[in-house]
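Coordinate-derived values only; no laboratory data. Source: prediction; values computed, not measured. Please note: Cβ atoms are built from the backbone with ideal geometry, for glycine as well, and neighbour counts cover all protein chains shown.
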Amino acid sequence: RKEVEQDPGPFNVPEGATVAFNCTYSNSASQSFFWYRQDCRKEPKLLMSVYSSGNEDGRFTAQLNRASQYISLLIRDSKLSDSATYLCVVNERSNYQLIWGAGTKLIIKP
Amino acid sequence: ETGVTQTPRHLVMGMTNKKSLKCEQHLGHNAMYWYKQSAKKPLELMFVYSLEERVENNSVPSRFSPECPNSSHLFLHLHTLQPEDSALYLCASSPTGVNYGYTFGSGTRLTVV
C-alpha cells in the first residue's frame, strides 16, 4: 500500500462547479498535512495546511479525518486558473520526511 | 531578491560531463532540500541539510553529491550521470519543525544524453 495515495484523475470540471478530492495516508501517527498545487512544468506551491478542525481559505476548504486517515480538498466556484495538479503531503516523523502523493490532476473547462 | 532561486533552469549534459546545480534562499530558513521529480511519480527526497549539516541521504547514487557551504546556499554536483537521471530537480527550504511547509525553487530541468 502506498504511504500517501491520491486519485491521479484527471478530473474534468466545468467552470463554476464545486470539486472535491481526497487523499489517504497509511501512517496513523502522521502529524501534519498540506495541500500543494503544481502547474505544468512549474514547482509545487503551498496551497494550504490542513488543521484538525478543518480550515478554509476563500474558495478552498481542507478537512482532516484522522479516524479514516484521509484529508480532503474542496474547491467551490472553480475558475479556469484552478487547473493544476494538487499534491497531498503528509509529515510523518519530522520536518525532513514529508511524504508526497503523486497528485490529482484537475482541468477546469469553460 | 526573495524566495528560492535555482540555476540553471535547463541543463543538457552528456554522460561524461560534470556540472553543478545551484540553489539560494533568502527566507532565513534553516533547512534546505534536494528533490527529484520524474514524470507521473511522487517527489523523491534526495538530501536534507539542517543548519548546514546533512541530516538525510535517501540512498542516492554517489554520482549525485550535495554541498551546503552556508544556510543560504545549496549545490548539487553531478558527474557521470545516466539517461534515467533526466528529471526535474527541485530545491526547497523551510523553517525547522513539523508544521511548516516548504518553499520550492523553480527547478532545473535536466536532460542527460
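A few notes on this one:
- The stretch B:54-98 and the stretch A:55-110 have Cα centres spaced 26 Å apart.
- Among A:83, A:99, A:40 - extreme Cα towards positive end, dipole of chain A, charges at beta-carbon: A:40
- Residue list for the stretch B:47-64, given a label point 7 angstrom along the Cα-to-Cβ vector of residue A:3 and an amide N cut-off under 18 Å: B:47-50, B:55-61
- Net lengthening on full extension, residue A:56/residue A:42 (0.36 nm per residue, minus Cα-Cα): 2.6 nm
- Gaussian network model of chain B, springs between alpha carbon atoms under 10 Å - residue of B:57, B:30, B:17 with greatest fluctuation: B:17
- Positive-end extreme of charge dipole, the protein assembly as shown - chosen from A:23, B:60, B:80 (charges on Cβ): B:80
- Rounded to 0.05, the FRET efficiency of the residue B:67 and residue A:74 pair, given R0 = 35 Å and the Cβ-Cβ distance, is 0.25.
- GNM top mover of B:46, B:15, B:32 - chain B, alpha-carbon springs below 10 Å: B:15
- When the listed pairs A:105/B:19; A:42/A:79; A:45/B:41; A:105/B:22; A:79/B:36 are checked against a 27 Å cut-off, the alpha-carbon distance exceeds it for A:105/B:19; A:105/B:22; A:79/B:36.
- Mean-position separation - Cα centroids, the stretch A:1-47 and the stretch B:6-43, in angstrom: 23 Å
- Note on residue B:59/residue A:15: beta-carbon distance plugged into 1/(1 + (r/R0)^6) with R0 of 30 Å gives a FRET efficiency of 0.10.
- The charge dipole of the protein assembly as shown, taken about the Cα centre with unit charges on the Cβ atoms of Lys, Arg (+1) and Asp, Glu (-1), comes to about 500 debye, rounded to the nearest 20.
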